[in-house]
Amino acid sequence: MTNRERVLKALRREPVDYIPFVGRFNPLTPVQRNGVWNFPWPQDDTDAMLTYVTEKLGITHYANFGIGCMSGYSNCEVKLTEEGSLLRKEVITPAGSLTAVIENNELWPHGNDIPFSTDFTVHFRKAWITCAEDIEKLKYVFGSTTIEDIKPYYDYVKTQSEKYDLPIASHIGQGLTMALQMFLPEPLMVAIVDEPELVEAFLKLEHDVNMANIKLSCELGCDVICRNGFYETCDFYSPDQLRHFVGDYLREECELAHSYGKLVVYTLHTGIMPMLDYLKEIPFDAIFGTDPNFPGVDIRKIKAELGDSMAFEMGPCSIREFSSRNTNDVRVAIRNLIDVFGKTGFVLTPSVSMHSIMPWENFEAAVDEWKKVRNPPPAMPVSPFSKGDEI
């Protein structure tokens with residue numbers, strides 16, 4: 001069984017010869033890593049990383065292919081101005097200027113720019129979206145990609161896939177995760193209650209672009225659609241709010257990918273336990289990145305509730321086990337996960353990635369432990385007799 005076949009079969013909950021291990025590595029920004037680089041390959045060298053991962057470690061990876069939702073951005077005029085420590089960016093559209101302002105200090109990782117989508121929301125002094133007029137302006141920025149624009153990028157990713165035997169993963173859609181970044185967290189929570197139509201308009205705009213980009217990715221030949229739900233959880237919303245704002249869109253995106261025979265993997269890190277019944281309503285093929293040791297998380301309950309319909313891509317937590325000073329923490333986490341999820345429908349992977357500042361010996365320990373326990377014996381059948389009645 002090849003690495004690519006093994007991962008795809010695991011995601012389909014089909015039998016595999018052993019549990020696959022998919023590496024995920026986050027180099028972080030220069031500001032975040034502050035001169036630290038613990039990965040055993042040169043910076044900005046994807047081929048060196050893939051060679052090391054597949055040949056030296058004997059694990060696998062995805063050939064990652066990202067399609068953003070902002071193809072119209074290149075047609076807009078952009079102005080950047082500085083006023084003391086403040087950086088202001090204007091994206092000029094036919095409907096007016098979209099603007100954002102951030103505090104540009106030594107902790108801002110994006111240099112002389114302000115992305116639409118960034119986790120560094122604490123720096124913002126003015127959000128990208130504050131009113132309905134901003135959604136009208138955003139319509140000129142958002143847009144689906146054309147095959148002519150994306151084909152060279154896809155061909156490069158396909159070459160990586162063929163060279164290293166990797167499944168191709170197309171990363172499309174962020175929903176409420178991007179909304180949190182563009183509205184900012186607190187204003188979004190207020191808008192969800194006081195101006196739901198504003199949030200709905202944003203999500204509809206993004207969903208329409210997602211659908212076009214999913215169709216394009218599937219027609220090009222990707223294997224997996226990866227949908228980001230990192231901030232689309234019960235950390236921020238009730239299950240009913242999730243149903244209202246994104247449930248139908250997620251179903252439509254899954255159904256479109258499935259109509260091409262492709263898989264859909266949904267990122268959920270924390271806030272998952274209250275949403276298990278809601279998740280049963282969405283035909284995801286797998287959940288990726290849940291922190292198995294976050295307070296309140298019960299991986300046995302997750303497996304029991306969702307395991308009949310979904311696979312799981314999960315592993316030791318980035319900020320917990322992979323950041324630990326004790327490599328045994330990683331080993332224990334891996335043994336626990338394999339004990340719960342078993343050999344079918346499970347892909348071992350960091351939750352959610354190994355960072356360049358984390359001790360590399362933790363990742364080496366993870367690989368070593370995986371090799372020891374990646375082929376567990378089949379589960380024993382449950383006795384039809386209650387305890388004490390065996391004969």
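The values are calculated or read from the model by the stated rules, or taken from the named source; none is laboratory data. Here the structure is a predicted model, which means the values were calculated and not measured. Cβ coordinates were reconstructed from backbone atoms using ideal geometry, including for glycine residues, and neighbour counts include every protein chain displayed. Remember, those area values only see protein heavy atoms, side chains included, never the ligands or the DNA or RNA. Shrake-Rupley method; radii C 1.70, N 1.55, O 1.52, S 1.80 Å.
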- Note on the structure: Counting only residues 5 or more apart in sequence or on a different chain, those whose built amide H sits under 5 Å from that of Tyr237 are none
- Task: Once you have all Cα-Cα distances for the stretch 207-313, histogram them in 5 Å bins from zero and send the whole-percent values.
- Result: 2, 12, 24, 25, 19, 11, 5, 1, 0
- Carbon plus sulfur fraction of accessible area for the chain, probe 1.4 Å, in percent: 50 percent
- Non-local residues with an amide H under 5 Å from the amide H of Gly175, with H modelled 1.01 Å from N and Pro and chain starts lacking one, are none
- Among residues other than Tyr278 whose Cβ falls under 13 Å from its Cβ, what is the net charge (Lys/Arg +1, Asp/Glu -1)? -3
- Can you find, among Phe230, Asn26, Pro350, the residue farthest towards the positive end of the dipole of the chain? Put +1 on the C-beta of Lys and Arg, -1 on that of Asp and Glu. Pro350
- Message: Give me the net charge for the shell around Thr51: Cβ to Cβ below 15 angstrom, other residues only, Lys and Arg +1, Asp and Glu -1.
- Response: -4
- Task: Sort Val190, Val53, Val332 from largest to smallest accessible area, using a 1.4 Å probe on the heavy atoms of the protein chains.
- Result: Val190, Val332, Val53
- Sequence of Arg6, Arg320 from largest to smallest accessible area, 1.4 Å probe: Arg320, Arg6
- Message: List the residues, sorted by chain then number, that are 5 or more residues from Gly143 or on another chain and whose placed amide H is less than 5 Å from its amide H.
- Response: Met70, Ser71, Gly72
- Tell me, rounded to the nearest percent, the portion of alpha carbon pairs in the stretch 88-199 spaced more than 21 Å apart. 51 percent
- Item | Protein-only accessible surface order, largest first, of His244, His207 at 1.4 Å | His244, His207
- Taking a probe of 1.4 Å, how large is the accessible area per residue of the chain, in Å²? 44 Å²
- the stretch 21-158: C-alpha pair distances exceeding 21 Å, %: 59 percent
- Query: Restricting the count to DSSP beta bridges whose residues both fall in the chain, what percent are antiparallel, rounded to a multiple of 5?
  - Reply: 40 percent
- Note on the structure: Cα-based Rg and Dmax for the stretch 316-360, in Å, come out at 10.9, 32
- Note on the structure: Given 4 °C, 1.567 mPa s and a Kirkwood radius over Cα pairs, the Stokes-Einstein diffusion coefficient of the stretch 245-292 in µm²/s is 114 µm²/s
- Message: Output needed: percent of Cα pairs per 20 Å distance bin for the chain, bins running from 0 to the one holding the longest distance.
- Response: 26, 58, 15, 1, 0
- Message: With θ taken as phi - 60° and the coefficients 6.51, -1.76 and 1.60, list the Karplus ³J(HN,Hα) couplings across the stretch 132-145 in order, rounded to whole Hz; mark glycine and proline as x.
- Response: 4, 4, 5, 5, 4, 5, 5, 4, 7, 9, 6, x, 8, 7
- How much net charge surrounds Gly221 when only other residues with a Cβ under 14 Å from its Cβ are counted (Lys, Arg +1; Asp, Glu -1)? +1
- With x for Gly and Pro, the residue-by-residue ³J(HN,Hα) of the stretch 74-90, computed from phi through the Karplus equation 6.51 cos²θ - 1.76 cosθ + 1.60 at θ = phi - 60° and given in whole Hz, is 5, 8, 9, 7, 10, 10, 10, 9, 10, 10, x, 8, 8, 10, 10, 10, 10
- Task: Using only the alpha-carbon atoms of the stretch 1-40, report the extent along each of the three principal axes, biggest first, to the nearest angstrom.
- Result: 44, 18, 12
